[in-house]
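Have a look at the structure below, then the notes.
Each value in this text was obtained by applying a stated rule to the coordinates, not by laboratory testing. What you see is a predicted model, and the numbers here were worked out from it, not measured in a lab. Here Cβ is always computed from backbone atoms with ideal geometry, including for glycine, and neighbour counts include all displayed protein chains.
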Amino acid sequence: MAALELDRGGILEFDDSGTGPAIVFLHGWSLGKVAFSIQSRELSDRFRVIVPSMRGHGNSVAFGPDDGIDTLASDLAALLEELGITEAILVGWSMGALVAWEMVRGPQRGRVKGIVTIDMVPKVLNCEDWPHGLRAGTHLYDVDIDLTRMRDDWAAFSRAYVPKVFRQDESADRSELIDKMIGFVSNNDVESMANLWTKLVEADYVEAVQQLDIPTLITYGRRSQIYTEAAAEWMDENIPNSKRVVFDDSGHAPHLEEPQKFNDALADFAESLFSN
């Protein structure tokens, strides 16, 4: 484990392994850099694999009420600058995709060679003209209810939330993965998680992604309990220079549920960009 001292205080914890073209993995809400341990292990023979634990996760500084997605993107930019990385592919799982999209709106956009999204949409709340958000098809989601549940009993919230990340079945391998991830999620600081969740559900990148000029690989699980396949189709139709890969046996986390297939798709995408 390495750590970057941030200008505003605290550290950003990260792993840095392998050599070659850089791939930076940006985890989802509440799961930290451990979410990409398989990719760190399996891809570092061909790529430089960098995996930060963003604010509020692991040993990194807390995520405060005045922080935002732009704060996470600024931390990422500082990390790339510190490591001397001038070209990288950003792999954003869920919340991590928002950070990638925010990064390319800023002055460090030139460091981003490509973007890979993992089961994510540019706006998580549904509204009259946006049906592809969280719990797609319903407009009854109440942010305050989830925030109350988090603060009242974070351990119970973790046990209820984590199974929804994966495909819905009763297989032994899925149960083992869920138990492992509940352990990581339940150790998070609840105030950081609540602050992050508030910023996550406020985010709106619908217009921004339609103006992207960066090669984008859209990956998603056909058995996702979080978003519909129609959401991934919308992204493929509306993000320029994009293509999509579906993982038939995955939910919201194909990099964990079908890691070999995911790693192969990512490696093919990265090699096609860095060979140019």
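Between residue 125 and residues 5 or more places away or on another chain, which pairs have amide H atoms under 5 Å apart, with H built 1.01 Å from N, and which residues are they?
Residues meeting the criterion, in which the H sits 1.01 Å from N, are 134.
Just the number, please: Stokes-Einstein D of the range 120-276 in µm²/s, Kirkwood Rh from C-alpha pairs, 37 °C, 0.692 mPa s.
192
What are the ³J(HN,Hα) couplings of the range 45-58, residue after residue, when phi is run through the Karplus curve with 6.51, -1.76, 1.60 and θ = phi - 60°? Round to Hz, x for glycine and proline.
These are the phi-based 3J(HN,Hα) values: 7, 10, 9, 8, 9, 10, 9, x, 9, 5, 2, x, 10, x Hz.
Percent antiparallel among DSSP beta bridges with both residues in the chain, to the nearest 5?
30
Return, ordered by residue number, the residues of the range 59-77 whose backbone nitrogen is under 19 Å from a label point located 7 Å along Cα→Cβ of residue 151.
62-68
Just the number, please: Stokes-Einstein D of the range 189-276 in µm²/s, Kirkwood Rh from C-alpha pairs, 37 °C, 0.692 mPa s.
Calculated translational D: 223 µm²/s.
Only Lys, Arg, Asp and Glu count, each charged at its Cβ (+1, +1, -1, -1), so figure out the dipole size of the range 1-152 about its Cα centre, rounded to 20 debye.
Charge dipole, the range 1-152, about its Cα centre: 380 debye, nearest 20.
For residue 123, which lysines qualify as cross-link partners when the Cα separation must be under 28 Å and same-chain residues fewer than eight apart are set aside?
33, 113, 164, 199, 243, 261
Before rounding to the nearest 500, sum -39500 (n - 2.57) across all DSSP H runs of length at least 4 in the chain and divide by the residue total; then give [θ] at 222 nm in deg cm²/dmol.
Calculated mean residue ellipticity at 222 nm is -11500 deg cm²/dmol.
Just to check I understand the Karplus step: with θ = phi - 60° and J = 6.51 cos²θ - 1.76 cosθ + 1.60, what whole-Hz values come out for the range 248-253, glycine and proline as x?
5, 9, 10, x, 7, 9
Quick one: which of 22-28, 145-151 comes out on top by average Cβ neighbours within 10 Å, and what's the full order, highest first?
Result, highest mean first: 22-28, 145-151.
Which length gain, in nm to one decimal place, applies between residue 198 and residue 42 when the Cα-Cα distance is subtracted from 0.36 nm times their residue separation?
52.8 nm
Calculate, in whole percent, how much of the Cα-Cα pair population of the chain lies beyond 28 Å.
Cα-Cα pairs of the chain separated by over 28 Å account for 29 percent.
Could you check the spin-label model distance between residue 125 and residue 105? Points 7 Å from the Cα along Cα→Cβ, value in nm.
1.5
Measure off 7 Å from each Cα along the Cα-to-Cβ vector at residue 229 and residue 144, then give the distance between these two points in nanometres to one decimal.
In this crude label model, residue 229 to residue 144 measures out at 3.8 nm.
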